[in-house]
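Trainee: Sharing a structure with you now.
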Amino acid sequence: MSDLSTRLKTLLEEKGLSMNAFSKMVGVSQPAISDIVSGKTRSPKNIVEIATALGVDVNWLKNGEGDSEIGRITAYCHSEKDNEHTLRVDLLDVNLAAYSSGIINAEYPNIVSSLYFTEEGANRILGRTTTNGVYMFRVPTDSMVPTIKQTDIVFIDTNIKHYIGEGIYAFSLNGEEYIKRLQRLPTGVIRALSDNKHYEPFDITEELFDSAVIIGKFIKAVEWNVKNL
């Protein structure tokens, strides 16, 4: 692959990600991703976040140099604490099913119960200077594919206890746990959507949503090679 635009386009195709879905994963606008894919933007300021979300080496993605597999998330976090990896993120003690009737991945890997980030890793991967209130969790169903794949490590900010705008939230409603993209409609109704278009959205009235318990808001999903642990 000869340039950044070609490498990015190929990666998105391999992973089955649309530019719209990927832009939401990275937290940048779809036009910004489109400009990179088209070759209009050759030195994107979000290159680290883009490479991290795709699970490839930054230098390889940007310049085509080195091995694409080097420099994954494991460069920034370990399963054991040391002098550099001091910021702890635990596995959230709740089984968040993204949809109760979704397809369960029976071979879902048993990931570690804690990860320790460097300060740089927390900043680059989580967009935070502290990991207080940040947890990782498992999404055992396919309802948020392709944004969240079943083998991804997903990070959540549990400091966010209220709807603060469109995004992916973990919440409990009527005794069931969900991970859904929430949108507030002009009528005040909250629409809960799955990024997997095989699942229909559903609406939550304002009155019913008042009884929902927001567990936290999605930060990022990162592809994880369990063998690296």
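The values are calculated or read from the model by the stated rules, or taken from the named source; none is laboratory data. What you are looking at is a predicted structure, and each value in this text was computed from that prediction instead of being measured. In this analysis, Cβ positions are derived from the backbone assuming ideal geometry, glycine residues included, and neighbour counts consider all displayed protein chains.
Trainee: Taking the residues in the stretch 186-202 that are touching a Lys or Arg at 6+ places or on another chain (Cβ under 6 Å) and within 14 Å of residue 166 (Cα to Cα) as candidates, determine which candidate is surrounded by the fewest Cβ atoms within 10 Å (Cβ to Cβ).
Mentor: 193
Trainee: I've got another one for you. Can we say residue 151 is out of contact with any Gly (no Cβ under 9 Å at 6 or more places or on another chain), buried (at least 18 other Cβ atoms within 10 Å of the Cβ) and not assigned by TED's automatic domain parsing to the domain that holds residue 53?
Mentor: The answer is no for residue 151.
Trainee: Only one of 26, 37 is under 21 Å from residue 154 (Cβ atoms) and in contact with a helix residue (DSSP H, G or I) (Cβ under 8 Å, 6 or more places away or on another chain); which?
Mentor: Of 26, 37, the one residue that is under 21 Å from residue 154 (Cβ atoms) and in contact with a helix residue (DSSP H, G or I) (Cβ under 8 Å, 6 or more places away or on another chain) is 26.
Conditions tested, residue by residue: (1) of a type outside the set (Gly, Ala, Ser); (2) within 21 Å of residue 124 (Cα to Cα).
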position: 145; (1), (2): yes, no
position: 154; (1), (2): yes, yes
position: 164; (1), (2): yes, no
position: 173; (1), (2): yes, no
position: 176; (1), (2): yes, no
position: 181; (1), (2): yes, no
position: 200; (1), (2): yes, no
position: 211; (1), (2): no, no
position: 217; (1), (2): yes, yes
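Trainee: Would you be able to say whether some residue in the stretch 162-174 is within 24 Å of residue 14 (Cα to Cα), surrounded by 20 or more Cβ atoms within 10 Å (Cβ to Cβ) and in the same structural domain as residue 85 (by TED's automatic domain parsing)?
Mentor: yes
Trainee: Could you check how many residues of the stretch 13-64 are of a type in the set (Asp, Glu) and either within 15 Å of the chain's Cα centre (by Cα) or assigned to a loop (DSSP other than H, G, I, E, B) (or both)?
Mentor: The number of residues fulfilling the criteria is 2.
Trainee: Can you find even one residue in the stretch 109-117 that is at pLDDT 85 or above, in a loop (DSSP other than H, G, I, E, B) and more than 22 Å from residue 146 (Cα to Cα)?
Mentor: No; the residues of the stretch 109-117 include none that is at pLDDT 85 or above, in a loop (DSSP other than H, G, I, E, B) and more than 22 Å from residue 146 (Cα to Cα).
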